[in-house]
Amino acid sequence: TKLSVNTLNVGLAGIEVYDLLRDEYDIQIEFGDLGNILAYLSIGDRPREIERLVSALAEVRRRFGRADRAGLMKQEYIDPQVAVSPQDAFYAAKESLPLRQTEGRVCSEFVMCYPPGIPILAPGERITGPILDYIEYAKAKGCSMTGPEDADIQRLNVLKGEY
């Protein structure tokens, strides 16, 4: 079975709990995203292994948890503003700009945070301030960012001209 645990009430992003379980407790779970962790439990797991996971989670909360949730994203889904069809955006003339200078422009590439691997931006979507905040937050928390030509996501490709 899959055990999903929301970590935001502890004051930690899921990716932070994932890293703590791996590095401090030698427990490998499936993944951690910006607000959750996912562990697989199977018929092969003994009660003591499940108790070890539960104890580690309790200790993570005690040792690393923060009562102040300041700085944690409260909402992960940002409604996309589609300005151009994905096909038109993919084949249109592009230019590369520094990340923060792309606000208001139309993206010409995918930007995904793994896990979960759902696009934050897709070709044809307008880049907004909350999207840029989300990208920077996910990078700071240690999420693996994929999709853009610039793997470090210092720059994004946007459509040339007004859209």
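The values are calculated or read from the model by the stated rules, or taken from the named source; none is laboratory data. The shown structure was predicted, so the numbers you read here are calculated from the model rather than taken from an experiment. A quick note on method: Cβ atoms are made from the backbone with ideal geometry, for glycine too, and the neighbour counts reach across all protein chains shown. We work out accessible area using only protein heavy atoms, side chains counted, and drop any ligands, DNA or RNA first. Shrake-Rupley method; radii C 1.70, N 1.55, O 1.52, S 1.80 Å.
If you build the Cα gyration tensor of region 1-55 and take the root of 5 times each eigenvalue, what three semi-axes come out, in whole angstrom, biggest first?
The three semi-axes for region 1-55 are 19, 12, 9 Å.
For the chain, what log10 I(q)/I(0) values come out of the Debye formula at q = 0.13 1/Å, with one point per alpha carbon and no solvent?
Debye output, listed in q order: -0.68.
Could you give log10 I(q)/I(0) at q = 0.12, 0.18 Å⁻¹ for region 81-153, computed by the Debye formula over C-alpha point scatterers of equal weight, without solvent?
At q = 0.12, 0.18 Å⁻¹ the computed log10 ratios are -0.28, -0.65.
Each residue of region 146-159 in order: what ³J(HN,Hα) in whole Hz does its phi give by Karplus 6.51 cos²θ - 1.76 cosθ + 1.60, θ = phi - 60°, with x for Gly and Pro?
With the stated coefficients, region 146-159 comes to 10, x, x, 4, 8, 4, 7, 6, 7, 9, 10, 8, 10, 6 Hz.
Mind ordering 38-47, 133-142, 101-110 by average Cβ neighbours within 10 Å, highest first?
The most tightly packed comes first, giving 101-110, 133-142, 38-47.
Counting heavy atoms of the protein chains only and a 1.4 Å probe, report the per residue accessible area for region 1-53 as a whole number of Å².
With the other protein chains kept in place, region 1-53 gives 56 Å² per residue.
Only helical DSSP H runs with n ≥ 4 go in: add -39500 (n - 2.57) per run for the chain, normalise by residue count and round the 222 nm mean residue ellipticity to 500 deg cm²/dmol.
So the helix-based figure for the chain works out to -9500 deg cm²/dmol.
Carbon and sulfur atoms: what percent of the 1.4 Å accessible area of region 28-163 do they account for?
52 percent
State, in angstrom, two size descriptors of region 41-117 derived from its alpha carbons: Rg to one decimal place and Dmax to the nearest whole number.
When restricted to Cα atoms, region 41-117 yields Rg and Dmax of 21.4, 58 Å.
Sequence-distant or interchain residues sharing an amide H contact under 5 Å with L156, placed H: which?
Distant-sequence amide H within range of L156: L97, L99.
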